[in-house]
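The values are calculated or read from the model by the stated rules, or taken from the named source; none is laboratory data. Predicted, not measured: the structure shown is a model, and the values here were computed from it. Positions of Cβ are generated from backbone atoms using ideal geometry, with glycine treated the same way; all protein chains shown enter the neighbour counts.
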């Protein structure tokens, strides 16, 4: 098996270290990708720390991958050597269930395969993008348009599609009043995408610290949730609330800002259960919902949309030696807005 340089967690909760990992031998339908950049997602931290269950170690995380095609299998038809490509949160699925048939591989009932820490169809454990190279079946490789710099494209493969998918599913467009909760890695993408779709966009953040940045990204309003008047003055003000944070929220207050038939969609996952009064839903036919990433076709649609509208992630590019410090800063909410690893430094 090919051996490639990587940064990986040697055990649960341990700092990531420089090491090597094995990649599978490429098959007829595989694409070998030289990774140039890999984004750091909060999910990476949760996973390597064991917050979401036991893992196989050593584990190289990373599911925001951008690079170029280094080699292709004999049956690959969609890509050629040198193509600019990306890999997101999935590298395989059963391909047979109803969800896969709909192009929603993220909801595969036969077992969607995550980019790292998952058991692939051949029984191997997947390893992620904090590495020099990855081997992925052609069907799960995305084409990155020339208009998007590779480093700023990497976070689109998770943060971009995680926010694009619910905006499209709930048919956001001109005249839609959208509130985005939080202006972090996910939130700053949601603001740009909702604005480009023609929505009226409001950011709901704990403070006004990032107000200027939020307005530059396309928000029409920026409100502080620490101010009680934010909720009292915006009752029934929104058609869709996209909650991008993983912290507990006072749901009753947020539900009160939804208009009739409005929906609060969570893409962040707080560790604790949340409570609300059902009367707030019943009285105005409001909905609570969740959304994961998108399928492969929708992810490609998102990349093309971003290229058309001049959208990319706002990033801090770091050397691999700074990964552990970057993890600490993510936990402290000290990043504008996504860390991206320069994989050449691994």
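Structure notes:
- Any hit, the range 55-64, residues being at pLDDT 95 or above and loosely packed, with under 13 Cβ neighbours inside 10 Å: no
- The range 15-42, subset touching a helix residue (DSSP H, G or I) at 6+ places or on another chain (Cβ under 8 Å) and either outside the structural domain of residue 59 (by TED's automatic domain parsing) or farther than 27 Å from residue 78 by Cα (or both), residue modelled with the lowest pLDDT: 42
- Close pairs from the range 43-54: first free of Cβ contacts under 8 Å to residues at least 12 places away in the same chain, partner assigned to a helix (DSSP H, G or I) and surrounded by 15 or more Cβ atoms within 10 Å (Cβ to Cβ), Cβ under 6 Å, at least 6 apart: 52/46
- Here the condition is being part of a helix (DSSP H, G or I) and not assigned by TED's automatic domain parsing to the domain that holds residue 265; of 153, 147, it holds for 153 alone.
- Residues that are within 21 Å of the chain's Cα centre (by Cα) and crowded, with 23+ Cβ neighbours inside 10 Å number at least 2 in the following strands (runs of 3 or more DSSP E) confined to the range 166-260: 177-181, 200-205, 238-243.
- Unmet requirement for residue 130, which otherwise passes all of (1) buried (at least 24 other Cβ atoms within 10 Å of the Cβ); (2) in the same structural domain as residue 41 (by TED's automatic domain parsing); (3) out of contact with any helix residue (DSSP H, G or I) (no Cβ under 8 Å at 6 or more places or on another chain): (3)
- Among the candidates 244, 260, the residue that is in contact (Cβ under 8 Å) with a residue 24 or more places away in the chain and more than 23 Å from residue 309 (Cα to Cα) is uniquely 260.
- Failed condition for residue 272, given (1) touching a strand residue (DSSP E or B) at 6+ places or on another chain (Cβ under 7 Å); (2) more than 23 Å from residue 312 (Cβ to Cβ): (1)
- The set of residues from the range 9-31 being surrounded by fewer than 19 Cβ atoms within 10 Å (Cβ to Cβ) and assigned to a strand (DSSP E or B) comprises 17, 18, 19, 20, 22.
- Criterion applied to 292, 312, 307, 297 was being closer than 15 Å to residue 159 by Cβ, surrounded by fewer than 19 Cβ atoms within 10 Å (Cβ to Cβ), within 18 Å of the chain's Cα centre (by Cα) and touching a residue at least 12 places away in the same chain (Cβ under 8 Å), and the one residue passing it is 292.
- Members of the range 109-119 that are without any contact (Cβ under 8 Å) to a residue 40 or more places away in the chain and either in contact with a helix residue (DSSP H, G or I) (Cβ under 8 Å, 6 or more places away or on another chain) or not in a strand (DSSP E or B) (or both): 109, 110, 111, 112, 118
- With respect to the conditions (1) in a loop (DSSP other than H, G, I, E, B); (2) farther than 29 Å from residue 336 by Cα, residue 70 lacks only one, and its number is (1).
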